[in-house]
Amino acid sequence: MAERLTARAALAAVAESFQELPEPEGPPAPPDGPLGWPGYDEARARATAATGETESVVCGIARIGGREAVAVSFEFGFLGGSLGQRTGDRLAAAHAAARERRLPVVSLIATGGSRMQEGMRALAQLQRVAHESALTRAAGLAQLAVARDPTTGGGWATLGAGADVILGLPGAQIGFAGSRVRPADADPAAYTAEAQLAAGHLDAIVAPDALAGTLGHYLALLTSPSAEPAEPPAALGAAEPPATGWAAVQGARAATRPRAPRYLDAYFETRAAISGDRCGGVDPGLLAGFGRHAGRTIAYAAQCGTRTTPAGYRTAARLIRLAGRLGIPVLTLIDTPGAANDAAAEHAGAGPAIADLFAAVATAPVPVTSLLIGEGGSGGALALAAPGNTWATPDSYFAVINPEAAAAILKREPAAAEPTANELRLRPQDLLDLGVVQGITAPRD
């Protein structure tokens with residue numbers, strides 16, 4: 001189990017300063033709340049005596065990593081960090097303050113869900129919180145969440161899972177179902193930060209002593225909009241384009257050819273990853289996140305030379321839409337023999353995932369720059385390509401289909417793959433002549 005801090009201790013662990021927001025105005029609560037729940041007022045009084053808080057959440061303006069943010073921190077010791085009417089009042093006021101001051105929102109969550117003693121009045125706060133979060137999102141402001149122990153129920157399904165970047169503490173209980181309402185035979189390991197990361201619902205698990213620095217890093221990257229497109233990275237491999245189509249294919253498939261991690265390391269001074277498609281999947285062959293290049297933030301989605309799965313395409317689409325909301329230009333690195341085409345990929349929605357990524361690129365409100373760094377296999381590669389702003393390295397190729405498959409479709413012998421590659425005009429210089437790419441990048445001097 002992760003260490004359970006009080007709301008103010010959690011704030012002190014990540015913020016250099018904190019100023020609490022004023023208590024929102026509202027009508028006085030009736031005795032024992034909207035349901036007249038016997039003993040509810042006494043339970044609240046005991047919670048206040050034990051924690052020093054008058055509600056389950058503390059909200060204010062914090063400075064984290066030198067950046068101002070509206071911070072929300074849950075006090076689990078106050079009725080299990082549950083959400084009630086006054087909790088909703090405070091959360092709504094916090095989001096309103098974020099929009100008024102143009103600040104990101106950082107939520108440090110530790111909650112068991114909605115407050116039973118307030119019945120449906122408490123549950124309805126989830127709609128209210130979701131509405132406020134949507135308004136903040138529409139205002140182009142970043143929302144970060146830290147899932148502490150536990151983060152369950154509506155708090156997870158709104159402030160947590162609805163955030164742009166979601167971090168978890170090691171061993172934290174995270175899930176919609178709290179520990180007392182899960183099926184008796186449920187595997188407890190499924191409701192952990194580690195399981196949620198593996199399923200694509202968290203971006204990272206961060207140790208408590210690294211949390212302040214990690215939040216500061218994300219805040220610095222996510223609050224730096226820029227209108228200028230990303231410049232394509234310099235080539236890291238071959239300096240000259242290949243003589244033949246087959247040579248282009250062989251060069252792009254060479255084990256020694258530079259892959260996406262090398263390009264990202266060379267291009268960015270620092271970067272912070274996002275992970276997962278928020279639909280139950282992670283593709284380790286698709287890297288995504290935000291980095292600092294030449295003093296400004298660039299978002300990136302990079303294929304690593306493997307077949308991209310539906311989770312990979314959904315993660316890339318998520319990245320591009322997030323960058324669009326935050327006003328951050330995007331760089332995509334294209335390198336795949338094609339989309340995953342096995343039965344599992346079809347069950348997971350390969351076609352819809354690729355269609356969604358095409359739509360995200362086509363409608364991005366920020367400039368997208370693409371660089372073909374290796375194999376460009378059919379629509380599975382084209383989905384990441386920016387129309388009118390795609391470049392190629394000398395050791396790459398782009399084809400409507402790989403030459404072996406093309407030969408098979410044309411009912412040619414397997415040995416015909418080589419001449420078929422030449423006919424497909426898939427070399428970088430061919431792509432330039434055809435107007436598919438804007439240029440061939442050269443190694444930097």
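Read-outs throughout are calculated quantities, based only on the coordinates presented, and are distinct from any laboratory measurement. Computed from a predicted structure; not experimentally measured. When we count neighbours, we look across all protein chains shown, and the Cβ atoms used for this are built from the backbone with ideal geometry, even at glycine.
Looking at (1) over 20 Å from E231 (Cα atoms); (2) touching a Lys or Arg at 6+ places or on another chain (Cβ under 9 Å); (3) surrounded by fewer than 24 Cβ atoms within 10 Å (Cβ to Cβ), which is the only condition A364 fails?
That leaves (1) as the condition not met.
Suppose we filter region 404-438 for residues that are exposed (fewer than 12 other Cβ atoms within 10 Å of the Cβ), under 40 Å from the mean Cα position of the chain (by Cα) and part of a loop (DSSP other than H, G, I, E, B); how many remain?
Taking region 404-438 and keeping what is exposed (fewer than 12 other Cβ atoms within 10 Å of the Cβ), we get 409-411, 413-415, 433-435.
If we keep only those that are under 40 Å from the mean Cα position of the chain (by Cα) as well, we get 409, 433-435.
From the residues that got through so far, the ones that are part of a loop (DSSP other than H, G, I, E, B) too are 434-435.
Adding up the residues that qualify gives 2.
Give me the strands (runs of 3 or more DSSP E) completely within region 1-105, filtered to those with at least 3 residues that are buried (at least 22 other Cβ atoms within 10 Å of the Cβ), touching a residue at least 40 places away in the same chain (Cβ under 8 Å) and not charged (D, E, K, R), ordered by residue number. Spell out how you get there, then give the answer.
On the way: elements: 17-20, 57-64, 67-74.
Qualifying strands (runs of 3 or more DSSP E): 57-64, 67-74.
For residues that are out of contact with any strand residue (DSSP E or B) (no Cβ under 7 Å at 6 or more places or on another chain) and among the basic types (K, R), scanning just region 111-132, find the one that is farthest from V58 (Cα to Cα).
My answer is R121.
Applying the selection to region 203-257, what residues are assigned to a loop (DSSP other than H, G, I, E, B) and within 30 Å of S17 (Cα to Cα)? Even if it seems obvious, please write down each step before you answer.
Within region 203-257, the subset assigned to a loop (DSSP other than H, G, I, E, B) is 203, 206-207, 223-234, 236-244, 254-257.
Scanning region 203-257 gives D203, V206, A207, T223, S224, P225, S226.
Taking the conditions exactly as written (in a helix (DSSP H, G or I), over 20 Å from D164 (Cα atoms) and without any contact (Cβ under 8 Å) to a residue 40 or more places away in the chain), does A122 satisfy them or not? Step through it out loud before you land on a result.
On the way: in a helix (DSSP H, G or I): yes; over 20 Å from D164 (Cα atoms): yes; without any contact (Cβ under 8 Å) to a residue 40 or more places away in the chain: no.
Considered against the rule, which asks whether it is in a helix (DSSP H, G or I), over 20 Å from D164 (Cα atoms) and without any contact (Cβ under 8 Å) to a residue 40 or more places away in the chain, A122 comes out as no.
Go through region 295-320 residue by residue and tally those that are more than 19 Å from G388 (Cα to Cα) and either free of Cβ contacts under 8 Å to residues at least 12 places away in the same chain or not aliphatic (A, V, I, L, M) (or both).
Within region 295-320, residues that are more than 19 Å from G388 (Cα to Cα) and either free of Cβ contacts under 8 Å to residues at least 12 places away in the same chain or not aliphatic (A, V, I, L, M) (or both) number 16.
If only one of L197, L202, L221, L215 is farther than 25 Å from P150 by Cβ, of a type in the set (A, V, I, L, M, F, W, C) and touching a strand residue (DSSP E or B) at 6+ places or on another chain (Cβ under 7 Å), which one is it? Talk me through it step by step, then tell me what you get.
Numbers: L197 fails: farther than 25 Å from P150 by Cβ; L202 fails: farther than 25 Å from P150 by Cβ; L215 fails: farther than 25 Å from P150 by Cβ.
L221 is the lone residue from the list that is farther than 25 Å from P150 by Cβ, of a type in the set (A, V, I, L, M, F, W, C) and touching a strand residue (DSSP E or B) at 6+ places or on another chain (Cβ under 7 Å).
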